[in-house]
1. Can you give the relative contact order of region 62-198 as a percent, counting alpha carbon pairs under 8 Å and 6+ residues apart?
2. Picking from S26, A110, G229, whose Cα lies most toward the positive end of the charge dipole for the chain (charges on Cβ: Lys, Arg +1; Asp, Glu -1)?
3. Relative contact order, percent, of region 44-136 when contacts are C-alpha pairs under 8 Å separated by at least 6 residues?
4. Kindly rank 241-251, 438-448, 168-178, 395-405 from highest to lowest mean number of other beta carbons found within 10 Å of each residue.
5. Using helices alone, what [θ] at 222 nm do you get for the chain, with -39,500 (n - 2.57) per DSSP H run of 4 or more residues, divided over all residues and rounded to the nearest 500?
6. What dipole magnitude, in Debye to the nearest 20, does region 269-458 give about its Cα centre under +1 on Lys/Arg Cβ and -1 on Asp/Glu Cβ?
7. With +1 on each Lys and Arg Cβ and -1 on each Asp and Glu Cβ, how big is the dipole of the chain about its Cα centre, in debye rounded to the nearest 20?
8. I'd like to compare 263-270, 126-133, 423-430: which one has the highest average count of other Cβ atoms within 10 Å, and what's the full order after that?
Amino acid sequence: MNKILYISSEAFPLIKTGGLGDVAGSLPVALCKQSQDVRLLLPAYPEVLHNIAKSKIIATGAYYNLSARILETRLPGSNVIVWLVDCPAAFNRPGGPYTDHHGQPRHDNALRFAIFCHAAVDIALGRLALDWQPDVAHCNDWQSGLVPALLSLHAKRPSTIFTIHNLAYQGIFDRRTFIDLHLPEELWHIDGLEFYDQFSFIKGGLAYADKITTVSPRYAEEILRPEYGDGLDGLLNSRQQDLSGIMNGIDERQWNPGTDQHLKQKYNRRSLAKKSLNKSDLQQYFSLPVDDSIVMIGMISRLVEQKGLDIILESLATLVTYPVQLMILGTGETHYEIELSEWAQRYPEQFKVTIGYNESLAHKIEAGSDIYLMPSTFEPCGLNQLYSLCYGTLPVVTPVGGLADSVTDASEENIKNQTANGFILKERSAVALLAAIQHALALYQQPKIWRQLQVNAMSGDFSWKVSAERYIALYQQTLDERA
Ligand code: ADP
């Protein structure tokens, strides 16, 4: 049994903005099930404090003259012990974890997450007299990037793993910020935290962690190339020996059509006919014509360029001439929110857009749709295509990252050998997107084949079990290598 400090800036159901929240809310549970001794470290945002039943203070300290406490609680619905970095001046504010009320990054994010990282380092080095010290500090994304860097300055330290959930978010600040945070000057160099004269949080993880992982095997290969490397492909190539991809699993307590409390009608692959009741429920909910012969296309997403909104918008004029209903739930860049809402106003009989974050509606869309749209430019893993597969909702995706690792195209051959579970765009363009949707519409007219595709999709194993085993093997490998 190893002691793992799992460091994340979000974790469902306490706080979530995207895939990282889902992973941090479920991987630690899977690790505990496999006898790992885990502490999940999170900032104590107001939403987190609101969502916990009770907590106790287990340590106190101060960072940058701001007082802080470590609170202990449990991850709701599990036995995972959660430690919260409760520094009210940094974290107890209205708005999102990273952005203010207007959706703008908070002006002091560098300070906020430096505090979080210092607290993690203090725990990792046993400085807070907590009677528990990790063997492995598992860091996630830029918000915990300083942890491997700061720990590297100590000979007696836990092993460090850094998981990239999205390389596009790097936590870049100016040199002045680095100085103001009083970070050790020895970390400021081209192979350290410096990134073209700027200060990079994520490089702390990429340059200093003992092992680096991505959330799908394909993404681990892609980021070695300039198109996907976001300026860090050189560094990643130099760390290739220590880089690997471990596919995300999904939390089957949350995402399982057989037990999903959000659904009008639960179903599984043996009672697939019942799925259509969720479709009619969704059609009624959105005042759309209730008709099972109309193909319903769903999408739940951050509305940002990465998710393929450009080619979706380009396709809409043609898409609304198809016998389809389209349902998009998301928040993100204002221009996408406005453009999509305008289209929805123009075609109220076919197209519905809900701007906002709505966990329950997300489940209803996954279950009620026939097809799920995910034509991302890049996708480190992607969870929604995995949820779609589990719900027998066939994903239409680009062949990148975790999408390529989880979706098998409905080509004639793949249909024949019963591996097909979705539709893959030939290239990333509106034309290819429309062609893939047309292909799906044609197969929808052949119920036997469609049913087989759904069964193939629902037969996949996307549980955390295997992936958690891979993380545990990696923890052990790092520990052995450092011993
Ligand atoms: P990313 O992390 O890039 O946003 P993922 O597909 O890995 O993308 O994970 C996104 C997660 O966030 C999924 O669980 C998805 O259902 C959820 N999500 C995204 N936007 C919304 C929204 N507007 N309402 C509810 N859930 C959302």
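1. 16
2. Farthest along the dipole direction, towards plus: S26.
3. Details: 113 pairs, mean separation 21.2, N = 93.
In percent, rounded to a whole number, it is 23.
4. Highest to lowest by the protection proxy: 395-405, 241-251, 168-178, 438-448.
5. Working: 20 runs with 187 residues, N = 483.
Here the helix-only value at 222 nm equals -11000 deg cm²/dmol.
6. With Lys and Arg at +1 and Asp and Glu at -1, about 740 debye.
7. 1500
8. On the way: 263-270: 17.0, 126-133: 13.2, 423-430: 18.8.
Put in order of decreasing packing, that is 423-430, 263-270, 126-133.
Just so you know, all these numbers are worked out from the coordinates, no wet-lab data involved. A quick note: this is a predicted structure, and the numbers were derived from the prediction, not measured. Backbone-built Cβ (ideal geometry, glycine too); neighbour counts: all protein chains shown.
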